[in-house]
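Colleague: One structure follows; several queries about it will come next.
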Amino acid sequence: MAVSNAQLKAALRKHAGVYVLAAQEIGTTRQNVWARVNNSPDLKAFVAQIEEEVLDAAEAVVKGSILAKDKQMTRWYLERKGKPRGWSTRIEHTGADGAPLPAPAINVTVTYMDPKEDVL
């Protein structure tokens, strides 16, 4: 049974662009859906639009959680989006009791050769 682009689009929309779920709905494999989308500029654009809509929905959930005063989500958001304002996780690398880390010892052996000597 041949599946039209309209049927494929409906399955992709229903399953938020998840190929394997769309494939199961229309009775084919994820690889076939991937190939169809990859070979069609129209389907590629359609999937890209779905991905943008899903991203918008995810952002709405994050921002809704922040507005509901979810402290964990607020901190997560600030660590990612608030860096220019100084919000980030700071990691300090120190030795015991805050002392500076010791510098590693570096052993270097230098051998000078006279370019006039025959090395072979």
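Colleague: Looking at the range 51-67, I want the residues that are more than 18 Å from HIS15 (Cα to Cα) and have a partner that is β-branched (Val, Ile, Thr) and in a helix (DSSP H, G or I) with Cβ atoms under 7 Å, at least 6 apart or on another chain. Which pairs are those?
Modeller: Close Cβ pairs satisfying both conditions: ILE66/THR74.
Colleague: Given the criteria assigned to a helix (DSSP H, G or I) and either more than 21 Å from the chain's Cα centre (by Cα) or in contact (Cβ under 8 Å) with a residue 24 or more places away in the chain (or both), does ARG80 qualify?
Modeller: Answer is no for this residue.
Colleague: Then there is this: Taking the condition under 23 Å from the mean Cα position of the chain (by Cα), surrounded by 14 or more Cβ atoms within 10 Å (Cβ to Cβ) and in a helix (DSSP H, G or I), does VAL37 pass?
Modeller: So VAL37 fits the description; yes.
Colleague: Do we have any residue at all in the range 73-82 that's more than 24 Å from GLY17 (Cβ to Cβ) and surrounded by fewer than 10 Cβ atoms within 10 Å (Cβ to Cβ)?
Modeller: no
Colleague: Looking at the range 52-72, which of its residues are surrounded by 12 or more Cβ atoms within 10 Å (Cβ to Cβ) and under 18 Å from the mean Cα position of the chain (by Cα)?
Modeller: GLU53, VAL54, VAL62
Colleague: Anything in the range 83-100 that is over 25 Å from the mean Cα position of the chain (by Cα) and part of a loop (DSSP other than H, G, I, E, B)? List them, or say none.
Modeller: The answer is GLU92, HIS93, THR94, GLY95, ALA99, PRO100.
Read-outs: derived from the displayed coordinates by stated rules, not from any lab. Here the structure is a predicted model, which is why all the values come from computation and not from measurement. Neighbour counts run over all protein chains shown; Cβ positions are idealised from the backbone, glycine included.
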